[in-house]
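Read through the structure below, which is laid out as structure tokens, and then see the notes.
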Protein chains: 2
Amino acid sequence: MELARQSLTGHASGPQPGLDGKGPLFGQIKRAVAGQILRGHWQAGERLPNEAELSSLYGVSRQTVNKAIALLAREGFLVRRRRAGTFVAAGRSDRFALPIEDIGDVVAREGRVYEFRILDRKSLRNGAAIHWPDVPDGTPILALDCLHFSDGTPIQVERRLVNLDAVPEVAAEPFDRVSPGRWLVDRVPWSSAEHTVRAVNATADMAALLGVEPGAACLSMRRQTVHLNRPITLVHFLSVGERFSLSGSSITDSATELNL
Amino acid sequence: MELARQSLTGHASGPQPGLDGKGPLFGQIKRAVAGQILRGHWQAGERLPNEAELSSLYGVSRQTVNKAIALLAREGFLVRRRRAGTFVAAGRSDRFALPIEDIGDVVAREGRVYEFRILDRKSLRNGAAIHWPDVPDGTPILALDCLHFSDGTPIQVERRLVNLDAVPEVAAEPFDRVSPGRWLVDRVPWSSAEHTVRAVNATADMAALLGVEPGAACLSMRRQTVHLNRPITLVHFLSVGERFSLSGSSITDSATELNL
DNA sequence: CGTCCCATTATGTACATACATTATTCCCGC
DNA sequence: GCGGGAATAATGTATGTACATAATGGGACG
């Protein structure tokens, strides 16, 4: 089938240097170009051959080269400037990331039993007992306190505010089966979010909830979710340091994606 | 100029519903489709019109639709299956991320003075005093202990191992000007990395270095960088909880990118 | 000698077309 | 009815072509 695909190219060119014949042509080009850079043949800041040259070098059309190069640029590996050319991007120290998942998924993936319990549930208005900065005063808000368990051990406290103007249906939801986090994710599919992670010492009441000594190190995570410019929910998670960690790899799993 | 662009389309179709005439056509299609979903007209799991239908709906060619839809799929908004069709992706709780930057950049961006000091520097071989699991025993390793300051206050301890087989030049580098982290980023352009973040209580010696009480909550970050399947460096950062936090927003700033 | 303008060059976008790939669906034979 | 295979419908990839856009660099002209 690879042969069949290659025979499609109308070019009568040579052995297509650097291409491995695996998968789509534009992917092969991506790998070939990325390989050149990873191997140091093309240094950071250096200018690449232009699309026409690459096209004849690899024996494919300019569009195919364009697709490969444009994707590499979109992934942050290359920088392109019209008329100037295509350049190898500088270091990408700022592009590492930590994925943040639903705690239930994390627990389930570890093969443990996930449970949660609603500790408290209040309807109130913003500005009185509670102040949510990005929401106008007087906005109706649902405040939820929730505790998450892994194999029966408490691992995370969740304090959540939900904007009832934005998600009125939440008022009728009992949260006896689905956790508030998951319910919201399913309901408001795509939102942008901001989060902050820090380490804090457990206060006495938090320590009691989580079953640890007061002062134990905890991971504190604040996340505000916004949808159509309206704040949807503001969550504060507190997790026991010993029982919870965040881990992940680079955003663009380019190495994986490119099979390098 | 928009008119000029639109006049290019060989289609004699109508007012191109939902398109805003701003920027490239495929971008307009992206915004239009994303808008349909954000507004709830197309629900999660629902099937979209196929490329041919979208193409005639918007009065553009199938390639242009394909480019827009393929990009939305690559960004995680849609799921495509051959023959079956294109579907609105389910919630994306797992796609949030925290960017991780060079500590010097973070401090500088806050308008503070960044400094660092090398506390200790040893050349040794793996397996003896130190064991780096992903590196063969006997591999020569440079071990660095480093302290980072913001406006003179210590904020982070760094314990770093560097694989001297992979980066022999590091042995000659004095690190009097450039911090080890930055030096490596500049030297080894693209590597993939894995990291883990957790909260720990400061041990006595760490607390002394950071100038806090023993037991103070600290953010602990482990990061291993790999290049061409060879581990390059293994770092362990420890930061004072009160003086350091990680924050970031969604990976795909699609809302930004799509101007929604 | 300097400044403006235009030709050149490289990327960016769009369309038409063709064929590949892959599930699904449906129908036929058993 | 059931299993298997063919038709089909959707996306995926590749090429050719054309023109748009932007920035560079050099040449004309003051």
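The values are calculated or read from the model by the stated rules, or taken from the named source; none is laboratory data. In this text, all values refer to a predicted model and were calculated from it rather than measured experimentally. Positions of Cβ are backbone-derived with ideal geometry, glycine not excepted, and every protein chain shown enters the neighbour counts.
In contact with a Cys (Cβ under 6 Å, 6 or more places away or on another chain) and at pLDDT 95 or above - does that describe any residue in segment B:146-158?
The answer is yes; a qualifying residue exists.
Report, by residue number, each residue of segment A:64-85 that is within 8 Å of DNA strand C (Cβ to nearest atom) and either among the small types (Gly, Ala, Ser) or surrounded by fewer than 19 Cβ atoms within 10 Å (Cβ to Cβ) (or both).
Residues satisfying the conditions are A:ASN66, A:ALA70, A:ALA73, A:ARG80, A:ARG81, A:ARG82, A:ARG83, A:ALA84, A:GLY85.
Can we say B:GLU110 is of a type in the set (D, E, K, R) and modelled with pLDDT under 95?
Against the criterion (of a type in the set (D, E, K, R) and modelled with pLDDT under 95), B:GLU110 qualifies.
Condition first: closer than 23 Å to B:THR203 by Cβ and of a type in the set (S, T, N, Q). Can you find one or more residues in segment B:131-139 that meet it?
no
List, please: which pairs have Cβ atoms under 8 Å, are six or more places apart or on different chains, and start with a residue in segment A:95-116 that is aromatic (Phe, Trp, Tyr) and end with one that is surrounded by 20 or more Cβ atoms within 10 Å (Cβ to Cβ) and part of a helix (DSSP H, G or I)?
Taking only residues 6 or more apart or on different chains, the pairs are A:TYR114/A:ILE103; A:TYR114/A:VAL107.
Mind listing just one residue for me: the one in segment A:45-63 that is under 30 Å from B:VAL226 (Cβ atoms) and surrounded by 17 or more Cβ atoms within 10 Å (Cβ to Cβ) and, of those, farthest from DNA strand D (Cβ to nearest atom)?
Here the answer is A:LEU48.
What strands (runs of 3 or more DSSP E), lying completely within segment A:138-232, carry at least 2 residues that are within 11 Å of another protein chain (Cβ to nearest Cβ) and touching a residue at least 40 places away in the same chain (Cβ under 8 Å)?
Filter on segment A:138-232 gives A:192-201, A:217-227.
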